[in-house]
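The values are calculated or read from the model by the stated rules, or taken from the named source; none is laboratory data. Only a predicted model underlies this, so the values are computations on that prediction, with no experimental measurement involved. The accessibility values were calculated without ligands, DNA or RNA, using every heavy atom of the protein model including side chains. Shrake-Rupley method; radii C 1.70, N 1.55, O 1.52, S 1.80 Å.
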Amino acid sequence: RTYFRTLIREWSNMDKYRIDKFYTLTRFILREIYRYMASRHWNLGIIRLFNDAIFEEVLRVHNYGNGVRFHLLDICLDELALVNSEKENGLPLTEATFLDCMEPYFAMAQRVDDKRVHERVMEKVLSRFLDEYSIVSDNYPSVADESKGENKKENDDDASSKKTLV
């Protein structure tokens, strides 16, 4: 919560070189939070604590612009899928826990008044999930094959981990 609060507050004072570093740090922090959740067997209490923090500090309407919000929307699904595909991180993600993890983004899509932000949520989270990570996607097998690019066994493992997202 403190990291996101500080990042939002200082965002307008950063130059482009520092912003790139904070983009990378934000991606790393989000990935580690998802890894922690997986290691704790996707405990609903932990997921809700994180969801509350992310919604209150980043996703809800505030006066500091959309930079951090847009970046979080861009990376949340990738990082969640990456953590889910790692074998050593505990339990795989199920449909219910996936929906629990995506709850603040769904709430944002439902409540946001800014048309640009709404379009970004729909494009980067909801539509992208259906297009790339859902087993009902037309290009689902090709995404799984391209993501690993190694032998067939690893592709099958990756595909099965992505299937648990839906």
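The figures follow:
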{"quantity": "Whether segment 1-93 is rounded, prolate or oblate, judged on the alpha carbon gyration tensor where a/c under 1.5 counts as rounded", "calculated": "prolate"}
{"quantity": "Accessible heavy-atom area order of His118, His71, highest first, probe of 1.4 Å", "calculated": "His118, His71"}
{"quantity": "Accessible area (Å², 1.4 Å probe, nearest 10) - Lys124", "calculated": "60 Å²"}
{"quantity": "Segment 77-114-segment 6-66 distance, computed between alpha-carbon centres (Å)", "calculated": "13 Å"}
{"quantity": "Extension gain (nm, one decimal) between Ser127 and Thr2, 0.36 nm per residue minus Cα-Cα", "calculated": "42.0 nm"}
